[in-house]
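To keep things clear, I will list the structure first and then write my remarks on it.
The values are calculated or read from the model by the stated rules, or taken from the named source; none is laboratory data. All values derive from a computational prediction rather than experimental measurement. Cβ placement follows ideal geometry from the backbone for every residue including glycine, while neighbour counts extend to all protein chains displayed.
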Amino acid sequence: MANEEHLAKLREGVEVWNLWRKENPDIEPDLSEANLVGANLEAANLWNTKISGANLSSANLYSTNLYSANLVRANLVRANLVRAKLVNTNLVRANLYSANLESAYLYSANLYSANLENANLYSANLYSANLYSANLESAYLYSAYLVLAKLADAHLVRTNLVRAYLVRANLICAKLEGANLESANLICAKLESANLVRANLVDANLESANLYSANLESANLVDAKLESANLESANLESANLVRAKLKSANLVRANLENAKLVDANLESANLYSANLYSANLVDANLVRAKLESANLENANLYSANLESANLKSVNLERIQTLATNFEGTNLTGACIEDWNINSQTSLQNVQCDYIYLKVENYSEEEKKWIFADRVPQDPDKIFAPREFTKLFQKVLETVDLIFYEGIEWAAFLESFQQLQAEIKNKELSIKAIEKKSGSAFVVSIEVPGSANKAEIKKYLEREYEAKLEVIEAKYQKQLQAKEEIIQVKNEELIQAYREKGTDLLEMAIIMSNLQKNIYISNNPNMSTGDTYNQNGKIGIGHNEGNIYDDSEVAEISNEAAQQDSTQNTVNIKQ
């Protein structure tokens, strides 16, 4: 119970109280269990005062000196403690619900099991404060100074810790679900087994922090700094780690299923036995990363850099590795069932003794993946140096051109030859010509993997249309000269010429004659310079002039032209 004399002195006013304390420095005031609801104690000197169990709800304690005061179980609900001095103050189990502690000084204060729910601790100094098991749910700790603070097992659900200083803070088993820790400083913080589900850690600094077995499911870690952090056995399922800095981080047995690691830096990170199922690692840096026995099934590693990484015994089933850099990577014992690579995927200098092509199952007993279909099949044999690269490196890709109304071969060939000459690349070749329904054709052109396929396609389509207009204009000129022989409309005959290109049998004859370099004098669609070699490459023959110059037209005899025109007329009528 409170000392009535002391309580009476306090009720005389703060000035009287402070003077009395100054004149009686040896007295230790006792205000225990006093009813001080709504009391105005601004700037009062309550140093070393016993106030345990007192009711100070809604009291004004602005700038009050509570240094070493005993406030155990005190009721401070909605109390004003702005700029209050609470150094070494004992607030064990105190109720500070919705209290205002803005810029309060709580150095080494003991807040064990205190209730700080909805409290305002903006810019408060809680250096080395004891907040073990404290309830800080939805508290406002923006820019709070919590260096070396003891927050083990603390309740920080939905707490605002934006820009808070938590260097070396003890947050073991703390409940931080949905907490906002954006740009918070957590260097060397202890977060073992902490619950950070859906926490906001954007741009947070967690360098060398200990997050062993922490639950970070669906947490937002965009741009977070996690260099050398310990995330062993941590749960990062569906976490957003875009551009996160994880250099040399320990992710052994971490769960990164469906995690977003786009453009993340995982250089030299240890991902031994980590689960990266369906993880997005587009443009990620995994140089020298250790991924032995990890599960990368269905992961997206588009344009990721895995140079010199260790992927021994890794599950790469259905992995997306378009444009991925595996240079110098160790793939011995990995499984590449249905992996997706392209010509931009670099397998140069890959270290690989053997590979598997099928996943059997995961052995819970052995804690590893069981693979089948070993290559080389003989268990006593291994790949020769660079043999794996030769077997699996894709070199070329294709550009598909679709012609819906037949092909004017002269226009196409001239466009193709012009492209070959312009880019000076001999790897351009026709891979396949496929007849579709009606008059449609698909021409597949093989191009180097490094080529810009979209630009090649655009170039060929543009040049083909331009040359088609020139050729059709020449058709019109020729038809006008032969008007008396051919009694059909100009448009129908032009269409007939073009539709001849849809006849696969005629194409076969044309291509056969081209191989022999025979001049086709009765077909105005072909030039003397066109050749088709055994490799399927269209090249330029001995005549590199204009496909339809006047000298070539003059060589066609009147008799041959008349026979050809007459036959065309018959075909059109049929």
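The residue that is surrounded by the fewest Cβ atoms within 10 Å (Cβ to Cβ), among those in the range 361-383 that are touching a Leu at 6+ places or on another chain (Cβ under 9 Å) and of a type outside the set (A, V, I, L, M, F, W, C), is Asp373.
Which residues, taken from the range 324-361, are among the aromatic types (Phe, Trp, Tyr) and in contact (Cβ under 8 Å) with a residue 24 or more places away in the chain? Don't jump to the end; show me each part of the working.
Just the residues of the range 324-361 that are among the aromatic types (Phe, Trp, Tyr), to begin with: 326, 339, 354, 356.
Phe326, Tyr354 - these are the residues of the range 324-361 that are among the aromatic types (Phe, Trp, Tyr) and in contact (Cβ under 8 Å) with a residue 24 or more places away in the chain.
Looking at Tyr354, is it touching a Pro at 6+ places or on another chain (Cβ under 7 Å) and either closer than 22 Å to Glu292 by Cβ or acidic (Asp, Glu) (or both)? Walk me through it before giving the result.
Working: touching a Pro at 6+ places or on another chain (Cβ under 7 Å): yes; either closer than 22 Å to Glu292 by Cβ or acidic (Asp, Glu) (or both): yes.
Yes; evaluated as a whole, the condition is true for this residue.
So for the range 311-319 (the condition being outside any loop (DSSP other than H, G, I, E, B), surrounded by fewer than 24 Cβ atoms within 10 Å (Cβ to Cβ), assigned by TED's automatic domain parsing to the domain that holds Asn270 and more than 17 Å from the chain's Cα centre (by Cα)), does at least one residue qualify?
The initial filter retains those residues of the range 311-319 that are outside any loop (DSSP other than H, G, I, E, B), namely 315.
Still in the running and surrounded by fewer than 24 Cβ atoms within 10 Å (Cβ to Cβ): none.
Looking for residues that are outside any loop (DSSP other than H, G, I, E, B), surrounded by fewer than 24 Cβ atoms within 10 Å (Cβ to Cβ), assigned by TED's automatic domain parsing to the domain that holds Asn270 and more than 17 Å from the chain's Cα centre (by Cα), one finds none in the range 311-319, hence no.
Determine which member of the set Val167, Val87 is in a loop (DSSP other than H, G, I, E, B) and closer than 25 Å to Gly38 by Cα.
Step by step, each of Val167, Val87 is checked, and only Val87 is in a loop (DSSP other than H, G, I, E, B) and closer than 25 Å to Gly38 by Cα.
Restricted to helices (runs of 4 or more DSSP H) entirely inside the range 416-521, those with at least 3 residues that are under 51 Å from the mean Cα position of the chain (by Cα) and either modelled with pLDDT of 80 or more or within 30 Å of Ile341 (Cβ to Cβ) (or both) are 453-481.
Taking the range 295-310 as the region of interest, how many residues are acidic (Asp, Glu) and either closer than 18 Å to Val262 by Cβ or surrounded by fewer than 20 Cβ atoms within 10 Å (Cβ to Cβ) (or both)?
Our first condition is that a residue be acidic (Asp, Glu); within the range 295-310, this holds for 297, 307.
Filter once more, so that each one left must be either closer than 18 Å to Val262 by Cβ or surrounded by fewer than 20 Cβ atoms within 10 Å (Cβ to Cβ) (or both): 307.
Residues that pass the stated criteria total 1.
Selection of first residues in the range 121-146 that are under 12 Å from Leu166 (Cβ atoms) and of second residues that are β-branched (Val, Ile, Thr) and surrounded by fewer than 23 Cβ atoms within 10 Å (Cβ to Cβ), restricted to Cβ pairs under 6 Å at least 6 apart or on distinct chains, gives the following pairs, ordered by first then second residue: Tyr127/Val147. Screening the range 33-56 for residues that are under 18 Å from Ser113 (Cα atoms) and touching a Lys or Arg at 6+ places or on another chain (Cβ under 7 Å) and picking the one that is surrounded by the fewest Cβ atoms within 10 Å (Cβ to Cβ) gives Gly53.
Residues satisfying the criterion are absent from the range 176-187 (criterion: more than 25 Å from the chain's Cα centre (by Cα), outside any loop (DSSP other than H, G, I, E, B) and at pLDDT 95 or above).
Can you name the residue in the range 263-280 that is assigned to a loop (DSSP other than H, G, I, E, B) and touching an Asp or Glu at 6+ places or on another chain (Cβ under 6 Å) and is also surrounded by the fewest Cβ atoms within 10 Å (Cβ to Cβ) among such residues?
Initially, the range 263-280 is screened for residues assigned to a loop (DSSP other than H, G, I, E, B), giving 263-264, 266-269, 271-274, 276-279.
Restricting the remaining residues to those that are touching an Asp or Glu at 6+ places or on another chain (Cβ under 6 Å) gives 263, 272, 277.
Details: Asp263: 17, Tyr272: 19, Tyr277: 20.
Looking at the filtered set, the residue picked out is Asp263.
Within the range 341-386, being assigned to a loop (DSSP other than H, G, I, E, B), modelled with pLDDT under 85 and of a type outside the set (A, V, I, L, M) holds for Asn342, Ser343, Gln344, Glu364, Glu365, Glu366, Lys367. For Ala334, indicate whether it is out of contact with any Phe, Trp or Tyr (no Cβ under 8 Å at 6 or more places or on another chain), hydrophobic (A, V, I, L, M, F, W, C) and at pLDDT 85 or above. No; evaluated as a whole, the condition is false for this residue. Picking from residues in the range 312-325 that are of a type outside the set (S, T, N, Q) and touching a Ser or Thr at 6+ places or on another chain (Cβ under 6 Å), the one that is farthest from Ala289 (Cα to Cα) is Ala323.
Residues that are buried (at least 18 other Cβ atoms within 10 Å of the Cβ) and closer than 19 Å to Val92 by Cβ within the range 7-31 comprise Asp30, Leu31, listed in sequence order. Ser108 - would you say it is among the polar types (S, T, N, Q), assigned to a loop (DSSP other than H, G, I, E, B) and in contact with a Lys or Arg (Cβ under 8 Å, 6 or more places away or on another chain)? No: the conditions fail for Ser108. Taken residue by residue, the range 281-296 has no member that is farther than 26 Å from Ala219 by Cα, aliphatic (A, V, I, L, M) and either in a loop (DSSP other than H, G, I, E, B) or touching a Ser or Thr at 6+ places or on another chain (Cβ under 8 Å) (or both).
Taken over the range 214-227, the criterion of being in contact with an Asp or Glu (Cβ under 6 Å, 6 or more places away or on another chain) and either under 15 Å from Leu251 (Cα atoms) or in a strand (DSSP E or B) (or both) is satisfied by Glu217, Lys225, Glu227.
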